[in-house]
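Notes for the one structure printed next.
The values are calculated or read from the model by the stated rules, or taken from the named source; none is laboratory data. Values in this document were obtained by computation on a predicted structure and should not be read as measured data. Heads up, the Cβs are rebuilt from the backbone with ideal geometry, glycines too, and the neighbour counts pull from every protein chain shown. What goes into the accessible areas is simple: the full protein's heavy atoms, side chains included, and nothing from ligands, DNA or RNA. Shrake-Rupley method; radii C 1.70, N 1.55, O 1.52, S 1.80 Å.
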Amino acid sequence: MRVAGLASGTIVSAMKWHLGALSMLVASALVACGGETASPAPEEEPAKVSFDMTTSLPAGTEAEHCKFVEGPAEGMLVNRDEIRFSEGSHHFLLYRTPYEAIPTTRDDGTPIEYLDAEQGVFDCSEGVQVNFTVQQLVGGSQNGDGDAMVDLPPGIAIRVPPKAVLLMNAHYINTSTQALQPEVHVDLLTLEESELEQEGGLLFWYNPFIKAPGQGQGSAQMICDLPGDVTLTNAQSHMHARGVGYEAVLSGPEGDQTIYVSDQWEDVPVEVYDGGMAISGGSRLAFTCRYDNPGMDDVFQGPRSTDEMCMFIGSYYPARPEVDLCSGDPSEPFTTNFMGGEWVGQGSASCAESLTCFQSALGQGQQALAATTECILASDPAVSPELSAAIGCTFTKFTLGENPLMACTDAFAACQQK
């Protein structure tokens, strides 16, 4: 799944997820001589599929390492994930890909250079989506010893097709003076087809328009729509080292409700909604990240801890791929991920002025995404619906191979009036 900047070719990610499993009590009453009955048999362990990755990381370095694995021949219904990783990992993600067999080359045809050929581990520090295609997140964790990303009720699971090629992706930061050998162990707790009542998914929303100004404070806000009724089962944030505050607010028929708050960028807490949080169709969810940057340089979005991120993550049901990814085009959710968002400005520029700024930003090569971010943040928050529609349409149509100048005329005209 890819989000391409028109001029910069910037890639950001998206996905969907998670798992858990239904325990079954097997009780056998055996009558003994004295009329006593035996204790119930222990609960049956849920079915699970497991994967492992071991690698090495030199002292004082940061990297992302990846490994391709193949899912079971019969496919999986993932109800919950249980992921453990040792010291040195910031987060771990497990993606489904569209490949029919484990690739030996990147998407551009260049060979994968393995760090450990026997283990199949390779460096992917440029960002997974730069060199490979991913479609759906089916597991992950920001906590080395707990708190699942995928956490769905009994009878609900994320469907993974037969023999799916999966990509393991771990972000490592070794601040010690010694080399580390980080390990990741993944258990995907699964359901049988006969147990499935409904398919679930994972909200994985990413705001690419982030700026943490040098020696200053900043914030970024994105809003995504929930067009149909859903039930949210958990929620968590994702930021990098300059993230100091996070809030997610749900706006619906009942008014505004803060559903998640955190100030952590490591060991991020997961809010679990017992019984699930029912959300009415037509509701909107706004998530805001706040930053404090003590450094001299401005910091924008990116995969490294020296960059920044702003995300909302949560398990939910029923599944809708375009909702999972806040996509710009429901028919192409994996290629237009995050393009359906509304990005809220913090300045006073009109929509027409901001649109002109955006069109100029597209010609700035590798700086196009940062320049677009500046245009959005300088806009008046009152025009965020119209400006976001114009920018989102531009990226969506370009990604789908259409000419935005022809396909987005209505969105441009509406913005010009603001």
Item to check | Every residue from segment 325-368 that is modelled with pLDDT under 95 and either in contact with a strand residue (DSSP E or B) (Cβ under 9 Å, 6 or more places away or on another chain) or charged (D, E, K, R) (or both) | outcome: Leu325, Glu332, Phe334, Asn337, Phe338
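Suppose we filter Ala157, Ala170 for residues that are open to solvent by less than 10 Å² (accessible area, probe 1.4 Å), over 30 Å from Ser305 (Cα atoms) and modelled with pLDDT of 90 or more; which single one remains? Before you say what the answer is, go through the steps one by one.
Working: Ala170 fails: over 30 Å from Ser305 (Cα atoms).
Sole residue among the options that is open to solvent by less than 10 Å² (accessible area, probe 1.4 Å), over 30 Å from Ser305 (Cα atoms) and modelled with pLDDT of 90 or more: Ala157.
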Checklist entry - Somewhere in segment 287-302, is a residue in a loop (DSSP other than H, G, I, E, B) and open to solvent by less than 20 Å² (accessible area, probe 1.4 Å)? => result yes
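Among Phe358, Phe338, which is among the aromatic types (Phe, Trp, Tyr), buried (at least 17 other Cβ atoms within 10 Å of the Cβ) and assigned to a helix (DSSP H, G or I)?
Working: Phe338 fails: assigned to a helix (DSSP H, G or I).
None of the others qualify; the one that does is Phe358.
Does at least one position in segment 195-211 carry a residue that is surrounded by fewer than 21 Cβ atoms within 10 Å (Cβ to Cβ) and of a type in the set (Gly, Ala, Ser)? Quick ask: steps written out before the conclusion?
Within segment 195-211, the subset surrounded by fewer than 21 Cβ atoms within 10 Å (Cβ to Cβ) is 195-199.
From what's left, of a type in the set (Gly, Ala, Ser): none.
Checked against the condition, which is being surrounded by fewer than 21 Cβ atoms within 10 Å (Cβ to Cβ) and of a type in the set (Gly, Ala, Ser), segment 195-211 yields no hits at all.
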Next on the checklist: One residue is enough: does segment 285-292 have a residue meeting the conditions farther than 30 Å from Ser125 by Cα and in contact with a Cys (Cβ under 8 Å, 6 or more places away or on another chain)?
Outcome noted: yes
Item to check | Of all residues making up segment 402-418, the number that are outside any helix (DSSP H, G or I) and open to solvent by less than 60 Å² (accessible area, probe 1.4 Å) | outcome: 1
Checklist entry - Of all residues in segment 361-379, which are open to solvent by 50 Å² or more (accessible area, probe 1.4 Å), part of a helix (DSSP H, G or I) and touching a helix residue (DSSP H, G or I) at 6+ places or on another chain (Cβ under 9 Å)? => result Gln367, Glu374
Checklist entry - Quick one: which of Ser219, Ser283 is in contact with a Lys or Arg (Cβ under 9 Å, 6 or more places away or on another chain) and either polar (S, T, N, Q) or in contact (Cβ under 8 Å) with a residue 60 or more places away in the chain (or both)? => result Ser219
Next on the checklist: Please go through segment 78-116 and give me each residue that is β-branched (Val, Ile, Thr) and buried (at least 16 other Cβ atoms within 10 Å of the Cβ), ordered by number.
Outcome noted: Val78, Ile83, Thr97, Ile112
Next on the checklist: Return the residues of segment 380-401 that are open to solvent by 30 Å² or more (accessible area, probe 1.4 Å) and closer than 23 Å to Tyr206 by Cβ; say none if nothing qualifies.
Outcome noted: Pro381, Pro385, Glu386, Ala389, Lys397, Phe398, Thr399, Leu400, Gly401
Item to check | Which numbered condition Thr399 fails, given (1) under 21 Å from the mean Cα position of the chain (by Cα); (2) at positive phi | outcome: (2)
Next on the checklist: When you check Asn143 against the structure, is it under 25 Å from Ser262 (Cα atoms) and touching a Leu at 6+ places or on another chain (Cβ under 7 Å), yes or no?
Outcome noted: no
Checklist entry - Would it be correct to say that Gly328 is in contact (Cβ under 8 Å) with a residue 40 or more places away in the chain, under 17 Å from Gly392 (Cβ atoms), outside any strand (DSSP E or B) and open to solvent by 20 Å² or more (accessible area, probe 1.4 Å)? => result yes
